[in-house]
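Asker: Please read through the structure below; I'll follow up with questions.
The values are calculated or read from the model by the stated rules, or taken from the named source; none is laboratory data. Please read these numbers as outputs of a predicted model, since none were measured by experiment. No Cβ is skipped: glycine too gets one built from the backbone with ideal geometry, and neighbour counts run over all protein chains shown. Quick note on the areas: whole protein, heavy atoms, side chains included, nothing else; ligands and nucleic acids left out. Shrake-Rupley method; radii C 1.70, N 1.55, O 1.52, S 1.80 Å.
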Amino acid sequence: MIAALADPTRRRVVQLLRDGPMRAGELARAAGVSAPAMSRHLRILLRSGVLEDERRADDARLRVFRLRHNGLDGLRDWVDAQLASYQRHVERTVRE
């Protein structure tokens, strides 16, 4: 998941989707990238579990992307672990 969020365009997609679901074309325009480039970014974010998509029953061509509920939990856990490790390091350094 962290590798998926290393790219600035994919981080921008996450920021945009915090406000609500969007279609790929809307995301491409808002992020300033081509439709094929956005497609690649969305595929990576879907595979990493950050996003989920939904296709309308009446028109499967229309896909809406949204942040996956709990999709960033793994990242949150990793950040928490890194901060705890840093805090232990600082506390050891101060004692020495």
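Asker: When you scan the range 40-73, how many residues do you find that are over 14 Å from the mean Cα position of the chain (by Cα) and either modelled with pLDDT of 95 or more or open to solvent by less than 50 Å² (accessible area, probe 1.4 Å) (or both)?
Answerer: The qualifying residues number 2.
Asker: Quick one: in the range 1-13, which of the residues that are aliphatic (A, V, I, L, M) and touching a Gly at 6+ places or on another chain (Cβ under 9 Å) is least open to solvent (accessible area, probe 1.4 Å)?
Answerer: 4
Asker: For the range 16-36: of the residues being without any contact (Cβ under 8 Å) to a residue 40 or more places away in the chain and in a loop (DSSP other than H, G, I, E, B), which is surrounded by the fewest Cβ atoms within 10 Å (Cβ to Cβ)?
Answerer: My answer is 19.
Asker: Same structure again: Between residues in the range 65-89 that are within 21 Å of residue 46 (Cα to Cα) and outside any helix (DSSP H, G or I) and residues that are open to solvent by 100 Å² or more (accessible area, probe 1.4 Å) and at pLDDT 65 or above, which pairs lie under 8 Å by C-beta distance while being six or more apart or on different chains?
Answerer: Hits for this filter: 65/23; 67/18.
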